[in-house]
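The values are calculated or read from the model by the stated rules, or taken from the named source; none is laboratory data. Note that this is a predicted model, so its numbers are computed, not measured. Every residue, glycine among them, receives a Cβ derived from its backbone with ideal geometry; neighbour counts consider all protein chains shown. Please note that ligands, DNA and RNA were not included when accessible areas were found on the heavy atoms of the full protein model with its side chains. Shrake-Rupley method; radii C 1.70, N 1.55, O 1.52, S 1.80 Å.
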Amino acid sequence: GITDCALVNRLLENKTEDSDYKFLGKKGISSVFKTIKNLNEKDLEENSYFAIVDADDSFEDRNKEIQSRIDNRDINYYILPNHQNSGDLETLILEIIGNSVIINCFNTYKECIETKYPDCQIDNKAKLYAYTTIEHNKRPEKYIEENLDIKHPNFYELKQKLQNLFNEGTIYDNTTSD
C-alpha cells in the first residue's frame, strides 16, 4: 500500500533515482502472488523482482506460502516486520516509535473494545494512524517520509537487501499490506 511505498522510497533515498524502480501489486498478498505468476508477461526477470509482504499472523506460514508460489525461481523477498517474526509494517514502525502517551491511550482503548466486543479486532494500522495524526498531524505515509528514523537498526537488513539489488540492475518492488 501507500505506507509500504513511502517506506521503500525513504529507505532508498539518496541511493537511487525514483525511475530505477517501480511498484507492482500493491493490493495485498494475492496481487503479489499474481505478479509472481505473471513475471514473464510483465517482461520482468526473476532476479530483478523484489517482493515485500507482511507476515501477518505467522511468519512461518507466510514464508512457506511464498516459497511454494515462487517454485524454485530466483525471486527475492522480505517478510515484514523483520523477516523472522509475525506482524506487519505497522508492527515494525510502532516498535521504533516505542511508548508515547498516544500509544498508551490507544492500547487502553483497544483493550477495552476487544474485551467488550471479542469479535472486534483493532489492528496496528489504526494505532499507527492515531499516533501519526494526533502526535505529528500527519498521515502515516507523510510521517514515514518526514519523521521516521530510518537509521534505526530495525531497518538495517531490509535496507541492505534493497540496496544490494541495485548492484544487479533495476528492481521492481512489490510491496503489500493486507
| Which of (1) farther than 20 Å from A6 by Cβ; (2) open to solvent by 60 Å² or more (accessible area, probe 1.4 Å); (3) of a type outside the set (V, I, T) is the odd one out, the single condition D123 does not satisfy? | (1)
| said: Take the conditions of a type outside the set (K, R), modelled with pLDDT under 95 and open to solvent by 20 Å² or more (accessible area, probe 1.4 Å) and apply them to N154. Does it pass? | reply: yes
| note | Being among the β-branched types (V, I, T), in a helix (DSSP H, G or I) and within 16 Å of the chain's Cα centre (by Cα) narrows T115, T91 down to just T91
| message | Among the residues in segment 87-104, are any of a type in the set (S, T, Y), open to solvent by 50 Å² or more (accessible area, probe 1.4 Å) and over 25 Å from K159 (Cα atoms)? | response | no
| note | Filter segment 24-78 for residues that are of a type in the set (S, T, Y) and closer than 26 Å to D123 by Cα; the one that is modelled with the highest pLDDT is S58
